[in-house]
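Heads up: the structure comes next, in structure tokens.
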Amino acid sequence: MPAYKNQERGTWYVSFHYTDWDGKNRRKKKEGFKTRREALEFENEFKRKQGGGTDMSFGSLVELYMEDCKTRLRESTVANKQWLFDSKVLPTFKDIPVRDITPAMIRRWQNNLMNDPEGYSQTYLKTINNQLSACFNFAVRFYGLAKNPVVQCGPFGKGRAEEMQFWTRDEFYQFIEAVDKPAARLAFEILFWSGIRSGELLALTLDDVDFAKSSIRISKTVASVNGKTVISPPKTPKGNRTVVIPRFILALIRGYADRLVDYEPHEQLFYFTKHFLRYEMDKGCEKSGVKRIRVHDLRHSHASMLIEMGYSPLLISERLGHENIQTTLQTHSHLYPDKQQEVASQMEESEAEKYADILSAFEKKEPLEK
């Protein structure tokens, strides 16, 4: 297993043959190594990776996992996964053989995340942990790893925040008066009164607005992937939906579109980014004195308003584009009023005549007949 030196450049390279996944013999050449040792380490790791055993490094496992994800997941989802691995996982585990990563090592990594000066939320910690666990599950399923060390560590983080942040209508009224940019103002109006996601908002065109039926069609979403804007279908089938909106929102959209110059109805209504929305929201919160929430919390604000108005979880689920009603209930169930006393009272009222004697005795605190 030799390494070769490029005399002109003063660097090292390797050139070798290997058998790929479908049994074909192929040649691999890699140049630019500073030392012979680095070149030989590359060849060794490359062959371990091709062999698919747990003696390959965790960094190689992540490469295989991400290659698989690219064929099955949306481009934006893959980019988010890669960023989490690069920034939160690989700095700790990249060069360690997969088989040597123990639950104790995972536990120390989790503790370091919990104590990070950034102060990550419990939901974010769970997201990072889930990505690491998914990668190890991939190794268990396809590369002979006996157990997932993340699973052995038990739960980490929380699935949702203990206290959901949202605005009441009065808080939204106070906030929106402090937003002075027309495009940002319309964006926040649409988000609050429709409950759509910010990516869905940024993908909207005038062709998506049906002024006769007072609705907007949600069929695409915007995401930023490696610095470029990507428009793609919603993440789930239920994300494709029609949302009926108040007529005053239609009037605001029409007034905004009429002021656009050289605009075509198939073009995006908004050409700013999610970062712009976050900035304008923070500025509006500071100016108005309303408590600071995230842009995504406008969606929770819309759902909480519908719950307060008495609408069913099924209707809210369809409006928000949730894949199933369980998502709606898990996210917003704590906002629903307790109806237990109301149920008992209605049964008592409907059966008052049949059980009149028993109730009378009970109220007089007399012994009840057995």
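Could you tell me which numbered condition PRO233 fails, if it satisfies all but one of (1) at positive phi; (2) modelled with pLDDT under 95?
(1)
Give region 278-323 a look and list any residue that's touching a residue at least 60 places away in the same chain (Cβ under 8 Å), within 20 Å of the chain's Cα centre (by Cα) and open to solvent by 60 Å² or more (accessible area, probe 1.4 Å), or say none.
ARG294, HIS296, GLU318, GLU323
Which count do you get for residues in region 122-145 that are surrounded by fewer than 19 Cβ atoms within 10 Å (Cβ to Cβ), in contact (Cβ under 8 Å) with a residue 40 or more places away in the chain and under 13 Å from ILE101 (Cα atoms)?
0
Of everything in region 175-193, what is more than 19 Å from ILE316 (Cα to Cα) and either touching a Phe, Trp or Tyr at 6+ places or on another chain (Cβ under 7 Å) or surrounded by 20 or more Cβ atoms within 10 Å (Cβ to Cβ) (or both)? Give them in sequence order.
PHE175, ILE176, VAL179, PRO182, ALA183, ALA184, LEU186, ALA187, PHE188
Out of all the residues in region 146-174, which are under 16 Å from ILE293 (Cα atoms), within 21 Å of the chain's Cα centre (by Cα) and surrounded by fewer than 17 Cβ atoms within 10 Å (Cβ to Cβ)?
ARG160, ALA161, GLU162, GLU163, MET164, GLN165
Could you check how many residues of region 313-333 are in a loop (DSSP other than H, G, I, E, B) and β-branched (Val, Ile, Thr)?
0
State all residues of region 60-111 that are free of Cβ contacts under 8 Å to residues at least 40 places away in the same chain, open to solvent by 80 Å² or more (accessible area, probe 1.4 Å) and either among the basic types (Lys, Arg) or touching a helix residue (DSSP H, G or I) at 6+ places or on another chain (Cβ under 8 Å) (or both); if no residue qualifies, say none.
Within region 60-111, GLU63, LYS70, ARG72, LYS94, ASP95, ARG108 meet the criteria.
Give region 167-200 a look and list any residue that's closer than 18 Å to ASP258 by Cα and not in a loop (DSSP other than H, G, I, E, B), or say none.
Result: PRO182, ALA183, ALA184, ARG185, LEU186, ALA187, GLU189, ILE190.
Of the conditions (1) at pLDDT below 90; (2) open to solvent by 40 Å² or more (accessible area, probe 1.4 Å); (3) of a type outside the set (S, T, N, Q), MET56 fails just one. Which one is it?
(2)
Taking only pairs six or more apart or across chains, which ones have beta-carbon atoms under 6 Å, a first residue in region 352-370 that is at pLDDT below 75, and a second residue that is surrounded by 10 or more Cβ atoms within 10 Å (Cβ to Cβ) and outside any loop (DSSP other than H, G, I, E, B)?
So the pair list comes out as LEU368/ALA361.
What are the residue pairs meeting all of these: first residue in region 247-259, first residue closer than 13 Å to PHE270 by Cα, second residue β-branched (Val, Ile, Thr), Cβ atoms under 8 Å, and 6 or more apart or on different chains?
ILE253/ILE190; ILE253/VAL209
Which one of VAL209, VAL230, VAL225 is of a type in the set (A, V, I, L, M), under 24 Å from PHE188 (Cβ atoms) and open to solvent by less than 20 Å² (accessible area, probe 1.4 Å)?
Going through VAL209, VAL230, VAL225 in turn, just one is of a type in the set (A, V, I, L, M), under 24 Å from PHE188 (Cβ atoms) and open to solvent by less than 20 Å² (accessible area, probe 1.4 Å): VAL209.
The values are calculated or read from the model by the stated rules, or taken from the named source; none is laboratory data. No experiment lies behind these values; they were computed from the predicted model shown. Cβ: placed from backbone, ideal geometry, glycine included. Neighbour counts: every protein chain shown. These area figures cover heavy atoms from the full protein model, side chains too; ligands, DNA and RNA do not enter into them. Shrake-Rupley method; radii C 1.70, N 1.55, O 1.52, S 1.80 Å.
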